[in-house]
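S.K.: Structure provided below as C-alpha cells; questions to follow.
The values are calculated or read from the model by the stated rules, or taken from the named source; none is laboratory data. Since the structure is predicted, the reported quantities are computational estimates derived from the model, not experimental observations. Every residue, glycine among them, receives a Cβ derived from its backbone with ideal geometry; neighbour counts consider all protein chains shown. Ligands, DNA and RNA are stripped out before the accessible areas are found, and what is left, the full protein with its side chains, is counted by its heavy atoms. Shrake-Rupley method; radii C 1.70, N 1.55, O 1.52, S 1.80 Å.
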Amino acid sequence: MAHYMLQRFIYLVFLLWLVTIVTFVVIQLPPGDYLSTYISRLEQQAGDVVTEEMIQALKAQYGLDLPMHQRYLKWLGSVFRGDFGFSYDWKKPVRELIGERLALTFTVAILSTLVTYLIAVPIGIYSATHQYSLGDYIATVWGFIGLSIPSFMLALILLFLAFKFFGVNLSGLFSPEYIDAPWSTGKVVDLLKHLPIPVLVLSMGGAAGLIRVLRATLLDELQKQYVVTARAKGVSEAKLLFKYPVRVALNPLVSNLAWLFPALISGDTIVAIVLGLPTAGPMLFRSLITQDTFLTASILLFMTILTVIGTTVSDILLVIVDPRIRMEKGRE
Amino acid sequence: MSMFAAEEQEMSQVRTVQVPGQEDVYDESYYLASQWQLVWRKFRKHKLALLGMVVLAIFYLMAIFADFFATNPYQQRYPEFALSPPQKIHFFDEGGRFHFPPFVYVQKQTLDMKTLRREYTEDTQVRYPLRLLVHGYPYKLLGLFETDIHLVGVEAPGVYFPFGTDEFGRDIYARTIFASRISLSIGFVGVIVGFVIGSLVGGVSGYFGGTVDLLIQRLIEFIISIPTIPLWIALAAALPPYWTSVQVYFGITVVLATVGWTGLARTVRGKILETREADFIMAARISNVPDFHIIVKHLLPSFASYLIVSLTLGIPGMILGETALSFLGIGIRPPAVSWGVLLQDAQNIRSVAQSPWLFIPAVFVVVAVLCFNFVGDGLRDAADPYK
C-alpha cells in the first residue's frame, strides 16, 4: 500500500507540473497582455498620452518584457516560495487573494458532495426496492430533469423564485455587513445561512445521476441467487437489503466520486458567477478577461490540485471499500 | 464488413433452431431482420425515447426553416414594443362574442409616471385574427426560393410577438428559433469532431496496446485532470476578439471537442480490447490487411451501435457547454444569436423578475437536452438487440 501510494504521489507531482506548463501557455494565447488593456484604459481616462518610456518602465516592472518561458520560470519560482506571483489587476501578491476564496470553494464542494450522497443514497435504495411505484417514477423523472438543467440555470431559477415570491436577494455567501468583516462566530453563522442555496444547486445534477446508477446496480443485485436464498432462509428484509446488496451497489458510487468532486469544483465556477459567490470561480473568470496571468495560472493550478485530490481519494476509498480490487488492478 | 454480416445471418438462423417455444419463433420477420431493424424494433418500445425523437425532429425542422416559422425578422427592432410581454391569444372579444380563427390585440405602451416603468395594455379596438400561411416579411427559403409565406401571423399593420420582446423590442420567439440554428448544430459538429479524434486515438490505443496505449492513456488522464469548465473558459477567452461569427463558431466547437473526445476514446479503447482477439480480426491480419484498415473497417463498425449511443449522449453536454460559455459572454458573440446569447438578457435577476418571458429560451435548452437524453437512453437499451 505504501509503495502504491508513493508511486501515485510521484506521478501526481509530475502531472501537476505538466498542467502548470499547459495552462500557462493557454492563458497567454489571447492577443495582447494585461498592460495593453491597462494602457488603453489609462489613455481613455486620463486623456494624456502614455509615452514609450512609461510603457517600457511598466513592462519592466511587471516583468512583461521577458519571453514566455522566463516568465513561467519566474512564476514557478514564486510558487515554490509560496507567494504565487503578483496580481497585476489587484496589485497584491496572489497568495493573499486566493487563500480564502479557495477555502470557500473547497468547503462548498465538500458540502455539496456530502449532500449529493445524502440525497442520492436513500432515494436510490427506495426506488430500487419500490420499483415502478409512484416514488420511483418521481425519482426517475427528477433524475432526467436534473441531468438536463444546467446548474447555473437552476441557480437563476431559484434566485428568480426567491426574488419574485419572497422579495429577497439570495446571491452571495455573506450578508453585506459581514463581507469585509474578520472571521467571527457571527460571520460563520451568516455563512451557514447562505450556504444551502449554492450547495443544493450544485448537488442536484450529481444526485440525479447517482440515483440512476444506484437504482440500476441495486436492481441487478436484488435479483441474484444469494438474495433469494437468504430470503428463503428467513433473513429479515432489512438485513437482507443492507448486509450485502447495498454494500455491493455502493461501489459504483464510490468510483463516481472520481468525477463527481471535479465536476463540483468545475460547476462551482459558473454557479458562483451567477450567484455572486466569493469563491475562486468568479475571480478566475475576471482574471482571464483582464489577462492577469499569474493569478489565472495559480487558480487553475489549485483547482487542478483539488480535482486530482478528489480522484485519488476516490481510488483509495475504492480499494478500502471493495476488497476484490487489489493493488495490481488499481495500478492497471 | 460483408463477412461480418454473413456471420450475423448465420447466427440468426442458428437461433431459430435453438429457441423453440418462444412466440417470436412463429414470426419469420424477426429472424430475417437486419441488425438495424432489430435496433429500431427495440427502440420503438421506449416511448419516452420516441417522444424525444419527435420533439427533436420538430426542433431541427424549425431551425432549418427558421424564416418560415418566425413571425418577424429576428434582428428587427420595434422600439415602440420594447420589453412587451407575450401577446395573449383570444377567442372571445370584449363583448363576449366567439371568434374563429382566434385573434390577438396589439399592445399599447404607457409610462407609469411613479415607477418610470413601461407598461402595456391591450388595444381592444382592433382585432387581428391569427392566420395560417400568412404573407409577412420577404425571405429566401433555404437561401434559394424567394417567398413571404410564414406559418402563422397577423396581417399588417398588426404585429404578433408570441414570446414577447427584449429590451430593444426584438421578437424573442424569432430570436429563439434562429438561435437554435447555432445551438442545435454546434452539438452535432462538436460531437463529430470529438468522434473523429476519439475513435481514431482510442482505436490506435486499444489496437496496438503497449507503450502507445500507455502514453495515450496518460494523455487522456492529463486532460481529464484539468477541471472542465475552467479549461473551457480559458480556451474560449483565448479566441481573438476580431474573429468573424463563423470563425468563433468553429473556435467554440473545437474548444468543446478538445475536452469531449476523451470519454469517447476510452469507450472505443475498451471495446477494441474486447474485440481485437476475435477470429474475424485474426483472419483480417492473416490476410495482410493494413492496421489502419482493420481499425476503421472491421473494428469500429463491429460496435457502431455503442458509438452512436455515446455520440447521442455527448451532444447535450456540448449544447450545455455552448450555452454556458455564451451566457458568460465568451462564447458566441452578438449579433450572432444562440440560446446562451439570449440568456445573457436573463442574467440580471431584477430584469427577469419584471419580464419573466426573457427566460423562455432556457425552456428550449432544457427540452432539447432532455430529449437528447431520452433518445440516448432508448438507444442504449436498443444498442444490443440480441440480448
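S.K.: When the accessible area of the range B:84-164 is split by element with a 1.4 Å probe, what percent falls to carbon and sulfur?
M.R.: Answer for the range B:84-164: carbon and sulfur cover 58 percent of the accessible area.
S.K.: Taking the Cα atoms only, what angle lies between the long axis of helix A:2-27 and the longest principal axis of chain A, rounded to 10 degrees?
M.R.: The angle comes out at about 40 degrees.
S.K.: Along each principal axis of its Cα atoms, how long is the protein assembly as shown end to end? Whole angstroms, biggest number first, please.
M.R.: Here the Cα extents, ordered largest to smallest, are 82, 77, 62 Å.
S.K.: For B:Q37 and B:F208 in one chain, what is 0.36 nm times their gap in residues minus the Cα-Cα distance, to one decimal in nm?
M.R.: Answer, rounded to one decimal: 58.2 nm.
S.K.: Between the range B:48-119 and the range B:159-191, what is the separation of their alpha carbon centroids in Å?
M.R.: So the two Cα centres are separated by 13 Å.
S.K.: Can you tell me the FRET efficiency between A:A232 and B:S29 if r is taken as the Cβ-Cβ distance and R0 is 51 Å, rounded to the nearest 0.05?
M.R.: The pair A:A232/B:S29 has a calculated efficiency of 0.75.
S.K.: Heavy-atom accessible surface, probe 1.4 Å, ligands and DNA/RNA ignored: which residues of the range B:221-243 lose at least 40 Å² versus the isolated chain?
M.R.: B:F222, B:S225, B:I226, B:P227, B:I229, B:P230, B:I233, B:A234, B:A237, B:A238
S.K.: Put one equal scatterer on each alpha carbon of the range A:103-226, apply the Debye formula with no solvent term, and list log10 I(q)/I(0) at q = 0.11, 0.19, 0.21, 0.22 1/Å to two decimals.
M.R.: Each listed q maps to, in turn, -0.49, -1.05, -1.16, -1.22.
S.K.: Next question, about the same structure. Can you give the convex hull volume per residue for the Cα atoms of the range A:33-128, as a whole number of Å³?
M.R.: 174
S.K.: Sticking with this one: Excluding ligands and nucleic acids, what accessible area in Å² is computed for A:H69 using a 1.4 Å probe, to the nearest 10?
M.R.: A:H69 exposes around 120 Å² with every protein chain in place.
S.K.: With a 1.4 Å probe and all protein chains left in place, how much of the accessible area of the range A:2-81 comes from carbon and sulfur atoms, in whole percent?
M.R.: It is 67 percent, rounded to a whole number.
S.K.: Given N residues in chain B, what is Rg(Cα) / (2.2 N^0.38 Å)?
M.R.: Here the answer is 1.26, to two decimals.
S.K.: Pop out the Kirkwood hydrodynamic radius of the range B:138-218 from its pairwise C-alpha distances, inverse of mean 1/r, in Å to one decimal.
M.R.: 17.3
S.K.: If you filter the range B:148-234 for GluC sites (Glu not before Pro), then keep DSSP loop positions with at most 14 other Cβ within 10 Å, what is left?
M.R.: B:E155, B:E167
S.K.: May I pose another question? With every atom except the alpha carbons ignored, what do you get for Rg and Dmax of the range B:258-342, in angstroms?
M.R.: Over the range B:258-342's Cα set, Rg and Dmax evaluate to 18.9, 58 Å.
S.K.: Roughly speaking, what is the centre-to-centre gap between the range B:290-367 and the range A:1-21 when only Cα atoms are used, to the nearest Å?
M.R.: Here the two parts' Cα centres lie 34 Å apart.
S.K.: Enter the accessible area per residue of the range A:101-331 (Å², integer; probe 1.4 Å; all protein chains in place).
M.R.: Per-residue accessible area for the range A:101-331 comes out at 45 Å².
S.K.: Using heavy-atom solvent-accessible surface (probe 1.4 Å) with all chains present, what is the largest-first order of B:V55, B:V212?
M.R.: So, going from the largest accessible area down, we get B:V212, B:V55.
S.K.: With a probe of 1.4 Å, find how much accessible area the range B:202-355 has per residue, and write the answer as a whole number in Å².
M.R.: So the range B:202-355 comes to 40 Å² accessible per residue, rounded to a whole number.
S.K.: What does the charge add up to near A:Y62, with Lys and Arg as +1, Asp and Glu as -1, over the other residues with Cβ less than 10 Å from its Cβ?
M.R.: Summing Lys and Arg as +1 and Asp and Glu as -1 gives 0.
S.K.: Restricting things to alpha carbons, find the Rg to Rh ratio for the range A:2-81 using the Kirkwood radius for Rh.
M.R.: Across the range A:2-81, the Cα-based Rg/Rh ratio is 1.20.
S.K.: Another one. Determine the relative contact order of the range A:101-331: mean sequence separation of Cα pairs under 8 Å and six or more apart, normalised by residue count, in whole percent.
M.R.: So the answer I get is 29 percent.
S.K.: Taking 0.36 nm per residue of sequence separation and subtracting the Cα-Cα distance, how much length would be gained by fully extending the chain between B:H293 and B:Q344, in nm to one decimal?
M.R.: 13.6 nm
S.K.: Please find, in a Gaussian network model of chain B (springs between Cα atoms separated by less than 10 Å), the residue of B:H150, B:H99, B:H90 whose mean-square fluctuation is greatest.
M.R.: Comparing B:H150, B:H99, B:H90 in the GNM, the peak value goes to B:H99.
S.K.: Anyone know which of B:Y249, B:Y30, B:Y74 comes out most mobile in the 10 Å Cα GNM of chain B?
M.R.: B:Y30
S.K.: What residue among A:G99, A:G205, A:G172 has the largest mean-square fluctuation in a Gaussian network model of chain A, using Cα springs under 10 Å?
M.R.: Comparing A:G99, A:G205, A:G172 in a Gaussian network model of chain A, the most mobile one is A:G99.
S.K.: Using only protein heavy atoms and a 1.4 Å probe, report how much of B:T228 is accessible, in Å² to the nearest 10.
M.R.: 50
S.K.: Normalise the Debye intensity by I(0) for the range B:76-188, one equal point scatterer per Cα, no solvent, then take log10 at q = 0.13, 0.16, 0.18, 0.19 Å⁻¹ and round to two decimals.
M.R.: -0.61, -0.86, -1.02, -1.10
S.K.: What net charge is computed for the residues neighbouring B:P102, neighbours being all others with C-beta under 11 Å from the C-beta of B:P102, Lys and Arg scored +1, Asp and Glu -1?
M.R.: Computed value for this residue: +2.
S.K.: Only helices at least 20 Å long along their axis, Cα-based, and averaging 1.0 or more on Kyte-Doolittle count here, so list those DSSP H runs from chain B.
M.R.: Qualifying helices, which must be both long enough and hydrophobic enough, are B:47-64, B:172-208, B:210-225, B:304-328, B:360-382.
S.K.: If you don't mind, another one. May I ask for the angle, rounded to the nearest 10°, between helix A:151-161 and the longest principal axis of chain A, with both axes built from Cα atoms and the value confined to 0 to 90°?
M.R.: 90
S.K.: May I ask you to work out the translational diffusion coefficient for the range B:174-383 at 20 °C, viscosity 1.002 mPa s, via Stokes-Einstein with Rh from the Kirkwood sum over Cα pairs, reported in whole µm²/s?
M.R.: Using the Kirkwood radius from Cα pairs, D works out to 115 µm²/s.
S.K.: Non-local amide H neighbours of A:G172 (under 5 Å, H modeled in plane, Pro and chain starts lacking H): which ones?
M.R.: A:G276, A:L277
S.K.: Mind grabbing the accessible area of B:L256 for me, 1.4 Å probe, Å², rounded to tens?
M.R.: Accessible area, nearest 10 Å²: 0 Å².
S.K.: Something else about it: Quick one: longest stretch of chain A between exposed loop chymotrypsin sites (Phe, Trp or Tyr not before Pro), exposed meaning at most 10 other C-beta atoms within 10 Å and loop per DSSP?
M.R.: A:184-332
S.K.: Where does each of B:T267, A:T113 land when they are ordered by accessible area, with a 1.4 Å probe and the largest first?
M.R.: Ranking B:T267, A:T113 by accessible area, largest first, yields B:T267, A:T113.
S.K.: OK, next. Would you mind getting the accessible area per residue of the range A:1-91, heavy atoms of the protein chains only, 1.4 Å probe, in Å²?
M.R.: 61
S.K.: Hey, can you list the residues from the range A:127-166 whose accessible area shrinks by 50 Å² or more with all protein chains present, relative to the chain by itself (probe 1.4 Å, no ligands or nucleic acids)?
M.R.: Correct list: A:F144, A:S148, A:F152, A:M153, A:L156, A:F160, A:F163.
S.K.: Taking both sides together, what accessible area is buried at the A/B interface, probe 1.4 Å, expressed in Å² and rounded to the nearest 100?
M.R.: Roughly 3600 Å².
S.K.: Can you work out the Karplus-derived ³J(HN,Hα) for every residue in the range B:148-155? Use 6.51 cos²θ - 1.76 cosθ + 1.60 with θ = phi - 60°, whole Hz, and x for glycine or proline.
M.R.: With coefficients 6.51, -1.76 and 1.60, one gets 9, 7, 10, 4, 10, x, 10, 7 Hz.
S.K.: Still on this structure, I have one more. Relative to the longest principal axis of the C-alpha atoms of chain A, give the angle of the C-alpha long axis of helix A:245-275, reported between 0 and 90° and rounded to the nearest 10°.
M.R.: 30
S.K.: Kindly provide the helix-only [θ] at 222 nm of chain B, computed as the sum of -39,500 (n - 2.57) over DSSP H runs of four or more divided by all residues, to the nearest 500 deg cm²/dmol?
M.R.: -18500 deg cm²/dmol
S.K.: Among B:I252, B:I360, what's the order by accessible area (1.4 angstrom probe), most exposed first?
M.R.: Correct descending sequence by accessible area is B:I360, B:I252.
S.K.: Using the Kirkwood radius over C-alpha pairs as Rh, can you work out the diffusion coefficient of the range A:101-331 via Stokes-Einstein at 37 °C, viscosity 0.692 mPa s, in µm² per second?
M.R.: Translational diffusion coefficient: 166 µm²/s.
S.K.: Could you give the nm distance between label points at B:H99 and A:T37, where each point is 7 Å from its Cα heading toward the beta carbon?
M.R.: With each label placed 7 Å out from Cα toward Cβ, I get 5.3 nm.
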